[in-house]
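K.L.:
Questions regarding the structure given below will be posed in turn.
The values are calculated or read from the model by the stated rules, or taken from the named source; none is laboratory data. Keep in mind it's a predicted model, so treat the numbers as computed, not measured. Virtual Cβ from ideal backbone geometry, glycine too; neighbours counted across all protein chains shown. In case anyone asks, the SASA skips ligands and DNA or RNA and just uses the protein heavy atoms, side chains included. Shrake-Rupley method; radii C 1.70, N 1.55, O 1.52, S 1.80 Å.
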Amino acid sequence: MQHATITRSTQASRIAGILALCFLVYIGAAPWWAGSADLRLITEILFYLALASMWNLLAGYAGLISVGQHAYVGLGGYLMFSCVLFLGMNPLWSIPVAGVAGALISIPVAWLVFRLKGPYFAIGTWVVAEVFRLSAAQMSSVGGGSGLSIPVAVMRDLGRKPDREMLIYFTAFALCVGAILLVYFLLRSRVGLALTAIRDNEVASSSLGVKIGRIKLFVYVAAAAVTTMIGALIFVTKLRISPDAAFSVNDWTVFVIFIVVIGGIGTIEGPIIGTLLFFLLREFLADLGAIYLMILGAMAIGIMLAAPKGLWGLLVSRYDFSIFPVGYRVRR
Amino acid sequence: MTLLDLQDLQKSYGALAVTQNFSMSVEQGDLVGILGPNGAGKTTLFNQITGTVKPDHGEVWFDGEMVTQMDASKRCQMGIARSFQVPHPFVGMTVYENILVGATFGRSSFDPRKQALEIMDKTGMDDKANQLAGSLTLLDRKRLEMARALAADPKLLLLDEIAGGLTDSECVSLLNTIREVHETGVTIIWIEHVVHALMSVAKRLVVVDFGRKVTEGDPETVMNSPEVKSIYMGEDAA
Ligand SMILES: Nc1ncnc2c1ncn2[C@@H]1O[C@H](COP(=O)(O)OP(=O)(O)OP(=O)(O)O)[C@@H](O)[C@H]1O
Ligand SMILES: [Mg+2]
């Protein structure tokens with residue numbers, strides 16, 4: 001038997017990693033080179049990238065096709081408002097609190113929706129989100145159906161306007177980078193090996209000792225926690241919340257699924273490509289209104305038919321390449 | 001010592017009874033061959049042993065424990081591993097990674113990376129280590145099925161039709177691998193239509209038809225029994 005060693009990264013992935021790091025530093029420094037409007041746009045891009053990475057972890061790896069992740073975005077928003085209004089907390093400090101609460105709330109939700117399989121699971125997650133929305137509309141303390149705004153004084157506590165924007169930007173940047181790193185290190189770990197196996201074949205995974213139920217629960221709770229935190233921060237930037245905006249299936253689920261599907265489901269890079277493409281399309285076509293949405297739908301269908309693994313899948317099917325190497329290579 | 005004990009298993013899909021009053025016990029260190037015509041219920045029997053399918057009635061005992069309702073992953077960790085008749089590779093993972101899954105989550109996982117390398121060499125898949133399983137030929141997929149199962153370090157190995165389509169020399173090398181694995185103390189049950197391959201290693205044969213155990217015993221006696229003759233004559237005539 002020849003001597004063999006196992007490596008995780010390749011020369012190409014190391015170079016790509018360094019380039020990606022440079023790009024990351026550049027984006028992180030955006031407050032120093034971007035104007036106020038651009039900074040808001042980049043913040044929004046970071047939100048969507050983080051949401052897409054979480055949905056990809058759920059659907060692309062754990063096979064949990066949820067169409068109800070907007071439940072957690074809205075939950076995060078309302079938790080943040082509650083912390084600020086009733087506990088007098090700083091809006092940014094309410095984010096980790098929202099994360100923990102989101103994780104705790106997701107456990108009984110999982111207990112419920114995990115009983116449903118396939119399409120029924122998807123419908124179940126959507127129903128849960130709807131229940132969340134209706135509950136929020138019933139609570140008069142958070143404005144009922146018409147919602148409420150963050151008092152100006154609370155925002156003033158976060159500093160003067162430019163400082164405040166920078167603070168919010170860095171929080172968004174940290175959340176987004178954190179979400180992607182979470183997925184990356186998770187996939188490189190033992191859990192990741194199991195998740196990748198589950199992605200490819202559940203029956204074979206369980207026959208080889210992979211505890212599918214436990215791993216799915218873990219992923220569901222982790223995705224819920226992060227999604228709730230992102231939701232909390234999204235509504236810090238929006239300053240206003242209402243049940244329809246907080247639990248919008250279009251904004252927080254449909255667009256996110258679009259991003260992951262066109263970018264490439266079941267890869268870390270896919271959501272990144274997808275988010276960039278989504279915002280490019282939006283910048284150029286959003287003025288078209290309903291036609292813009294029809295173009296998005298047509299594109300999604302076209303890409304699903306022509307390249308089921310998305311644009312990233314199309315790229316790597318030619319070149320054996322990844323920016324985030326999570327696999328194992330045998331070298332002799 | 002009895003390693004596997006099936007007691008009065010029954011399983012139906014709608015009106016179709018696929019396993020009927022099936023009892024069988026397998027001793028530690030045995031190498032049992034299972035024969036039977038297409039659709040006899042052989043694979044379904046494996047599914048009930050591994051936990052992929054739960055029987056409607058009856059009990060499965062493994063290594064002194066009742067495992068009838070236990071899920072497949074737990075049974076694998078107790079020491080049951082299988083190959084699938086229709087290969088179930090992890091298509092987006094390399095050959096090495098496929099084997100690593102078995103080594104990591106199976107019965108013993110002291111040093112999974114090393115264990116996976118060893119199994120890969122032993123089963124002759126080392127030259128395809130970094131190839132995606134989705135790009136393998138059917139024959140290689142079948143070899144991968146066996147390699148992955150071995151990586152889980154089973155006490156009981158279930159092989160479902162892995163010799164079909166092999167050339168003579170490939171078949172000889174497969175038989176050698178099976179003998180080697182058996183010599184390390186692994187108990188094996190092997191479903192196979194390639195009768196001469198099965199006869200050359202099995203110590204005992206079990207014949208299944210219409211979900212029932214038709215006969216069992218040492219290979220010579222079973223092959224010459226009137227039951228087997230009638231099944232295979234029946235097939236020839238059809
Ligand atoms: N999930 C299922 N639902 C309905 N019928 C099934 C299912 N699984 C198996 N069957 C039926 O049960 C019968 C036995 O199938 P099984 O695969 O166990 O046979 P087998 O002996 O392995 O056959 P072969 O030699 O062709 O592999 C067949 O008629 C098959 O169509
Ligand atoms: Mg079969």
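K.L.:
I'd like the distance separating the alpha-carbon centroids of the range A:225-248 and the range A:295-332, in whole Å.
P.N.:
Between the Cα centres of the range A:225-248 and the range A:295-332 lies a distance of 31 Å.
K.L.:
Report, to two decimal places, the Cα Rg of the protein assembly as shown normalised by 2.2 N^0.38 Å (N = number of residues).
P.N.:
So the Cα radius of gyration is 1.15 times the expected 2.2 N^0.38 Å.
K.L.:
In nanometres, what is the gap between the two model label sites at A:Val127 and A:Leu239, each 7 Å from Cα along Cα-to-Cβ?
P.N.:
4.0
K.L.:
Right, here's the next one. Under the rule of -39500 (n - 2.57) per DSSP H run of 4 or more residues, summed and divided by the residues of chain B, what mean residue ellipticity at 222 nm is obtained, to the nearest 500 deg cm²/dmol?
P.N.:
-11500 deg cm²/dmol
K.L.:
How many partner chain Cβ atoms sit within 10 Å of a residue's Cβ in peptide B:117-127, on average, as a whole number?
P.N.:
Other-chain Cβ atoms within 10 Å of each residue's Cβ, averaged: 2.
K.L.:
Same structure, new question: Let me know the charge dipole size of chain A about its Cα centre in debye, to the nearest 20, where only the beta-carbon of Lys, Arg (+1) and Asp, Glu (-1) is charged.
P.N.:
Charge dipole, chain A, about its Cα centre: 1000 debye, nearest 20.
K.L.:
Where is the GNM fluctuation largest for chain A (alpha-carbon springs, 10 angstrom cutoff): A:Gly209, A:Gly263, A:Gly74?
P.N.:
Looking only at A:Gly209, A:Gly263, A:Gly74, the largest GNM fluctuation is found for A:Gly209.
K.L.:
Right, next: Could you point to the residue in B:Val95, A:Trp312, A:Leu280 farthest towards the positive end of the protein assembly as shown's charge dipole, with +1 and -1 charges on the Cβ of Lys/Arg and Asp/Glu respectively?
P.N.:
Final value for the positive-end residue is A:Leu280.
K.L.:
Give the lysines whose C-alpha is closer than 29 Å to that of A:Lys161, dropping any in the same chain fewer than 8 places away, or say none.
P.N.:
A:Lys238
K.L.:
How many Å² of accessible area per residue for the protein assembly as shown, probe 1.4 Å?
P.N.:
Accessible area per residue, the protein assembly as shown: 44 Å².
K.L.:
What is the Å³ per residue value for the convex hull set by the Cα atoms of the range B:65-107?
P.N.:
Enclosed volume per residue, from the Cα hull, is 84 Å³.
K.L.:
Below 20 Å, Cα to Cα, which lysines can A:Lys216 reach? Residues fewer than 8 away in the same chain don't count.
P.N.:
Reachable lysines: A:Lys117, B:Lys74.
K.L.:
Taking R0 as 56 Å, what's the FRET efficiency between B:Asp71 and B:His196 from their Cβ-Cβ distance, rounded to 0.05?
P.N.:
Calculated value: 0.90.
K.L.:
Between chains A and B, what is the buried accessible area in Å², counting both sides, with a 1.4 Å probe and ligands, DNA and RNA left out, to the nearest 100?
P.N.:
2600
K.L.:
Treating only the Cα positions of the range A:92-212 as identical point scatterers, give the base-10 log of I(q)/I(0) from the Debye formula at each q in 0.09, 0.14, 0.15, 0.16 Å⁻¹.
P.N.:
Listed by q, the Debye log ratios stand at -0.46, -0.97, -1.05, -1.13.
K.L.:
Turning to a different aspect of this structure: In percent, how large is the relative contact order of the range A:11-331, given Cα pairs closer than 8 Å and 6 or more residues apart?
P.N.:
It comes to 32 percent, rounded to a whole number.
K.L.:
Please give the Cα centre distance for the range B:16-70 versus the range A:93-111, rounded to the nearest Å.
P.N.:
Here the two parts' Cα centres lie 44 Å apart.
K.L.:
If A:Met80, A:Met166, B:Met70 are ordered by their accessible area, calculated over protein heavy atoms with a 1.4 Å probe, which sequence runs from highest to lowest?
P.N.:
A:Met166, B:Met70, A:Met80
K.L.:
Quote to one decimal, in nm, the extra length available between A:Arg164 and A:Phe86 on full extension: 0.36 nm per residue of separation minus the C-alpha distance between them.
P.N.:
Between A:Arg164 and A:Phe86, full extension yields 25.9 nm more.
K.L.:
Give, rounded to the nearest 20 debye, the magnitude of the charge dipole that the range A:1-141 has about its Cα centre when Lys and Arg contribute +1 at Cβ and Asp and Glu contribute -1 at Cβ.
P.N.:
320
K.L.:
Counting helices only, and only those DSSP H runs with n ≥ 4, report the 222 nm mean residue ellipticity of chain A as the sum of -39,500 (n - 2.57) divided by its residues, in deg cm²/dmol to the nearest 500.
P.N.:
-23000 deg cm²/dmol
K.L.:
Against the 2.2 N^0.38 Å scaling, with N counting residues, where does chain A land? I'd like the Cα-based Rg ratio to two decimal places.
P.N.:
Compared with the compact-globule rule of thumb, chain A sits at 1.02.
K.L.:
Could you work out the longest stretch of chain A that avoids the chymotrypsin sites (Phe, Trp or Tyr not before Pro) located in DSSP loops with at most 16 other Cβ atoms within 10 Å?
P.N.:
Free of exposed loop sites, the longest segment is A:115-318.
K.L.:
Moving on. Calculate how steeply helix A:70-87 sits against the longest principal axis of the alpha-carbon atoms of chain A, using the helix alpha-carbon long axis, and give the answer as 0 to 90 degrees to the nearest 10.
P.N.:
40
K.L.:
While we're here: Describe numerically, in nm with one decimal, the distance between label points set 7 Å from Cα along Cα→Cβ at B:Lys203 and at B:Asp111.
P.N.:
Label-label distance for B:Lys203 and B:Asp111, simple model: 3.2 nm.
K.L.:
Then there is this: If I fit a long axis through the Cα atoms of helix A:94-113 and take the longest principal axis of the Cα atoms of chain A, what angle between them do I get, 0 to 90°, rounded to 10?
P.N.:
That works out to roughly 60 degrees.
K.L.:
Okay, next question. Taking chain B as the reference, fit the longest principal axis to its C-alpha atoms, fit the long axis of helix B:112-122 to the helix C-alpha atoms, and give the angle between the two in degrees, 0 to 90, nearest 10.
P.N.:
70
K.L.:
Please list the radius of gyration and Dmax for chain B, considering alpha-carbon atoms only, with Å as the unit.
P.N.:
Reported Rg and Dmax, both Å: 17.5, 54.
K.L.:
Counting Lys and Arg as +1 and Asp and Glu as -1, each charge on the Cβ, what is the dipole of the range B:156-209 about the Cα centre in debye, to the nearest 20?
P.N.:
240
K.L.:
Within the range A:144-234, which trypsin sites (Lys or Arg not before Pro) sit in a loop by DSSP and count at most 14 neighbouring Cβ atoms inside 10 Å?
P.N.:
In loop regions of the range A:144-234 (DSSP not H, G, I, E or B), the sparsely surrounded trypsin sites (Lys or Arg not before Pro) are A:Arg160.
K.L.:
Another question, then. Classify the range A:215-332 from the C-alpha gyration tensor, please: rounded if a/c falls under 1.5, else prolate or oblate depending on whether a/b exceeds b/c.
P.N.:
Judged from the Cα gyration tensor, the range A:215-332 comes out oblate (a/c at least 1.5, b/c at or above a/b).
K.L.:
Could you please report the charge total around A:Leu187, scoring K, R as +1 and D, E as -1 over all other residues with beta-carbon less than 13 angstrom from its beta-carbon?
P.N.:
Residues near A:Leu187 contribute +2 overall.
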